[in-house]
Amino acid sequence: MTLLGKGVVAIWNGIAPGLEDAFLNWHVHEHMRDRVGLPGFQRGRRYVSIDGSPGFFNFYETESLADLTSEAYMAALNHPTPWTGRVIPHFTQMSRTLCRVVASSGRGAGAVIETVRLASRVARDAFIADMTANIIEPAVGRSAIVGAHLLEGQSAAQPVETAETRLRGAGEVADWIMLVEAARHQDIVALRRDLIGDDAIIACGAAPAIRRGAYGLQFALSRTDLEAAPRP
C-alpha cells in the first residue's frame, strides 16, 4: 500500500491575495511539523495547483481512522498556535474531509497528484469493488503512474466545531475522494482521456457531479523525517 495507514485528512484551500508566502512559511516551519508529530500521524504532503481549484491541496496519512478523532488531535484543533491564528482566518474555498482508506495501490509518492471529489449513486460495497477493479488497480499499470487511492469520507466523524473551525470556517466535506499520483502532469492528462475520465468513473457508480484538478508537490514530511532531524 502506498498510503501509510488507513486514515487520511484531505484538505483543499485557497489563501487571500498577497499572503501566499506567509501561508507557505507557516505550513513548512510549524503546521506540518506539529501535525506529523501527533500520535498516529505518519506523513503530510502539500501540493500547489497545476489545473485545479482552489490553489492548494494537502493531506495527512494516519495509522488508523481513530487517530483523526483522538484526544491529541482534538486538543491541537482546539488550541491553535498564535501563528496558526494569524494565518488560517485568511483561508478561502475551504474543503476538509476525514477519510477511511478503502483502496490503495502502488509504491512511492508522485510529483503530481490528480484529486477527484465524488459522490456515489450505488451501494457502498459495489462502488468500492467497481472503482478498485476498474480504475484503482489498472491505473498503476499505466505509464508513469505511481499510485492510486480511493478514500471514503467520514461525515459522522467530522467535529461539529473546534477553535480552528471558528477561525477558518468548516468548509465542504466530500463523500468520496480518488487520488492518482504520477511522475508528470502529462501522464495525468493522458489518463483522463480514458481510465480516470468522468465517463469511466460514472460507469462505476459515481454521480455525474465530479470535481477534479491536478496539483504539483511542494513539500512532504514523514514521521521518520521529523524524528531524524531535531527541530531548530
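The values are calculated or read from the model by the stated rules, or taken from the named source; none is laboratory data. Computed from a predicted model, the values in this text were never measured in an experiment. Cβ: placed from backbone, ideal geometry, glycine included. Neighbour counts: every protein chain shown.
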Which of (1) under 27 Å from Ser143 (Cα atoms); (2) touching a Phe, Trp or Tyr at 6+ places or on another chain (Cβ under 6 Å) does Ala206 not meet, given it meets every other one? (2)
Inspect region 153-161 for any residue being in a strand (DSSP E or B), on the phi < 0 side of the Ramachandran plot and surrounded by 19 or more Cβ atoms within 10 Å (Cβ to Cβ) and give the result as yes or no. yes
Among the residues of region 50-81, count how many are in a loop (DSSP other than H, G, I, E, B), within 21 Å of Ala163 (Cβ to Cβ) and among the small types (Gly, Ala, Ser). 1
Report yes if Val87 is within 24 Å of Gly169 (Cβ to Cβ) and touching a His at 6+ places or on another chain (Cβ under 9 Å), otherwise no. yes
I'm told Thr62 meets every condition in (1) of a type in the set (S, T, N, Q); (2) out of contact with any Phe, Trp or Tyr (no Cβ under 9 Å at 6 or more places or on another chain); (3) surrounded by 20 or more Cβ atoms within 10 Å (Cβ to Cβ) except one. Can you identify the failing condition by its number? (2)
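So, Thr84, is that one surrounded by 19 or more Cβ atoms within 10 Å (Cβ to Cβ), modelled with pLDDT of 95 or more and outside any strand (DSSP E or B) or not? Full working, then the answer.
Working: surrounded by 19 or more Cβ atoms within 10 Å (Cβ to Cβ): yes; modelled with pLDDT of 95 or more: yes; outside any strand (DSSP E or B): yes.
Answer is yes for this residue.
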Subset of region 32-75 (residues that are among the polar types (S, T, N, Q) and within 12 Å of the chain's Cα centre (by Cα)): Asn58, Thr62
